[in-house]
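Read the structure below first, then the notes.
Throughout, read-outs are computed from the coordinates displayed, never taken from laboratory work. Bear in mind the structure is a predicted one, so any value in this text is a computation, not a measurement. For neighbour counting, all protein chains shown are included, and Cβ atoms are generated from backbone atoms with ideal geometry for every residue, glycine included.
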Ligand code: HDE
C-alpha cells in the first residue's frame, strides 16, 4: 500500500499493482539475477580491459542509454497530479455522458499543466500559453479535456499549426531564445497571420505569466457538442475556474522568479503535499443548435470567445487535485492526451482547428510512446476494455484465446458491439453539405472586433501591462518586425499602437481602428476571486520578539488559511519572550522576497543591523510589486527609513483590528495605487 492508497478511487486501485518498491529489496538485474557487486565491471585482471561478457554492466549501461524518449513537440515541459471530479447537479437534460449524471459519483482524473514553447527543461515563468489537460477516467471510458489557459487560439485552421510552432520555437539557425516569444520569427508570424490579432493581446496579459497553476483558468477553446438521451445536441464550450481566482505575475517578477526554473511545479507539488488541494470548477457555456448563427462571430471560429455576458456560464462540478505522482516519468511524461477522447453523450463540432487536432494527437502519441500507449498504467481506462486490436511494440496486456477478429463464431461473436440505444457510442448525425474547397469561410474573416472588445474590457492596470509586454517583446525584435506588428495593433486600437510606438521608435500607420465599443467585464482580472487561502506571508522575525502576542497573531493568520513563512537572519530557531520559539523556514539568504505574497515585519528590542538591512531590501521589493506589508510592534522601525511614498496596503498595529485588516490586505493581493516604474508606459 502506498501513502496515496484510497480504495474508493478506481484509478488509484488500478495503479496499485504497477507500483514498484525497490527500498528494502536485494539488488537484482532486470532478469532477476542477484547482483553481488554493482560498482566494479568485470575485467581481465585488476588493471585489465572490461570484458564484453559482463552482462550486468551491459544491461545497466544499455538501459541507461535509452532512458529518454522524444519530448512532446509542443507542451514539452509539464507537471501532473491526480484528483477527483464531482458533479453539482445532474446534466441529464443536455448529455448522456455517464460522469455527468450522478452528483454522488466521484470521477478520478489526471491533470497535466504545461508550457507550449519551451523544451522539457525550460524556465517555468517564461511568457507563454499554459496547457491544462485533464483526463477524466469515467466509467464509460476516458474523456480528455485538452485545454489551455486562454479561451482563444492563434490560428483558425490546423494546417497552419506547424508554421506557428516553427515561428515560435527557438530560431533554427542559432537555436535561441529558449521557450520564449520575444523574437523576430514569432512576431513576424503574428503580423502576417492576422487571425492571431486577438490572441496577441491575450498573451501580452498576465495570463501568460500565471502566478501558479493553482490560480489559472482552463478553456477547452473549441466548440463541442453535448447530446442527451433524446438525441438532442447543444453546442458547448468548457471552462475550468480556479476557486482561488485567477492571479498572475508581473513581468519583472516573472523574470526574477525565473532564477528558480521549477517555480510552478514546486508550488503545485508543495501545496498538494501539504494538503492545500487546488480546486477548479468545471463550467460550460451552452448555445442551442438553432442559435448557431445568432452571433456576430462564427461559433466555430477558435479565435473567438463567447462573451459570458451573452452566453452565461453554468458551473457543473468541481475538480479537486489531491495526489502527487510517485514517478514523474512513468506517470506525467507517459501520459497521453487527445481531444478526440470523448465519451458517449459528447461530440465534436466542425471547428477546423479541432478537426485537425483529432488527427494530430493519436499520431504524436504513436511516435512518442508507441502503438500501445493506451495500455500504460497512466492512460488505461478504469472501465473494462476489449477489442480485436493486437500486438505491436511493448504490448502490456496478454490477450488470451485464438479469436482476434470480428465477426466470429468461435467466441460467440465476442467482443460484441453494443447498439447506441443500449450504451454504445454514437456519432451525432449532423448535416454535412457543400463542395470540397480550400478556403477560409467569410464568417471567419473579422480579426479585430473581438480583439478590440478584449482591449475595451481591460482595466487601466491591465492595459499598462499589455503595453509594457508589447514594448518588451517587440523591443527584442528587429525594427522591420516591430513596425509590422504596430500595424496590426493600429487596426485594434490606435491608443494601444501609439503607446507601444512611443517606446519602440515605430510609426503608427493611418489605418481605421476597430469601431467596436462593446466590452466584456468578465474578461478583466479585476473581477476575479480574491481570497487569503494559501497565500504566503513572509514573517520577518527578529530575536527577542514579544512571544505571547506574536503567537496569538500568527495563530489568527493561520486560521485564515494564510501560510506562515518564518524569515530570520539565519536558519535554526528564533526565540521570543516567554520562550516562544519558531523554526526558521527561510533565512534572508535562502529566501526570496518575491516568493511571498506579503510581509509582516515583527520588531523586537534587539534587531540586528543585518536584519534591518535585509528586511528593508525585501520590503522594498514587496512594495514595488504592490503587495501588502504589515508591521507589528516596532517592525515600524524597519519600515520608516524607507520613506515609502504611499501607505496603500501598509497596515501597522495601531489599527484596532490589525489581524483582520492584514488578512484582508493579503486577500486583496496588490495595491495598484502605489507609484510604479515597472513599465515604460507608466512613466
Ligand atoms: Fe495541441 N498538441 N495542437 N493544442 N496541445 C499537443 O500532443 C496540435 C491546440 C494542447 O499535456 C501535442 O501529446 C495541433 C489547441 C495541450 O500532454 C500535439 C493543433 C489547444 C497539449 C498537438 C493544436 C491545444 C497539447 C504535442 C492545431 C488548446 C499538451 C504532444 C490544430 C485547446 C498535452 C502531444 C499534454 C499537445 C497538436 C492546437 C492544447 C503535437 C495540430 C487549440 C494542453 O499533438
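The smallest convex shape that holds all Cα atoms of region 507-599, its convex hull, gives 153 Å³ per residue.
Within the chain, DSSP assigns beta bridges of which about 75% are antiparallel (rounded to the nearest 5).
Placing a pseudo-label 7 Å from each Cα along the Cα-to-Cβ vector at residue 359 and residue 530 gives an inter-label distance of 4.9 nm.
One chain, two ends: residue 556 and residue 498. Fully extended at 0.36 nm per residue, the span grows by 16.0 nm beyond their Cα-Cα distance. Remark: 398, 287, 148 ranked as 398, 287, 148, counting other beta-carbon atoms within 10 Å and listing the fewest first. Our estimate of slack between residue 648 and residue 606, defined as 0.36 nm per intervening residue step minus the Cα-Cα distance, is 12.3 nm. When DSSP beta bridges are restricted to pairs lying wholly in region 536-668, around 15% turn out antiparallel. Each Cα pair under 8 Å and six or more residues apart adds its sequence gap; the mean of these over the residue count of region 364-430 is a relative contact order of 22 percent.
Quick check: Cα centre of region 602-630 to Cα centre of region 268-338, how many Å? Each part's Cα centre sits 40 Å from the other's.
Between residue 575 and residue 22, the contour length at 0.36 nm per residue exceeds the Cα-Cα span by 194.9 nm. Please work out the C-alpha center-to-center distance from region 247-264 to region 451-466 and express it in whole Å. Distance between centres, Cα-based: 22 Å. Rounded to whole Å, give me the distance from the Cα center of region 517-546 to that of region 131-172. If we compute the Cα centre of each part, the gap is 30 Å. Placing R0 at 51 angstrom, the Cβ-Cβ distance between residue 405 and residue 313 gives a FRET efficiency of 0.60 after rounding to 0.05. For the pair residue 293 and residue 89, a Förster radius of 41 Å applied to the C-beta separation gives a FRET efficiency near 0.85, rounded to the nearest 0.05. Projected label points at residue 159 and residue 433, each 7 Å from Cα along the beta carbon direction, are separated by 2.4 nanometres. For the peptides 421-428, 648-655, residues were scored by their other Cβ atoms within 10 Å and the scores averaged per peptide; the highest-first order is 648-655, 421-428. Quick one: go through region 136-154 and flag any residue whose amide nitrogen is under 20 Å from the point 7 Å out along the Cα-to-Cβ line of residue 389. Output list for this probe position: 136-146.
Spin-label point model (7 Å from Cα, Cβ direction): what's the residue 229 to residue 102 distance in nm? Spacing of the two 7 Å Cα→Cβ label points: 1.4 nm.
Per-residue ellipticity at 222 nm computed for the chain from its helices equals -7500 deg cm²/dmol, with DSSP H segments shorter than 4 residues left out and the rest contributing -39,500 (n - 2.57).
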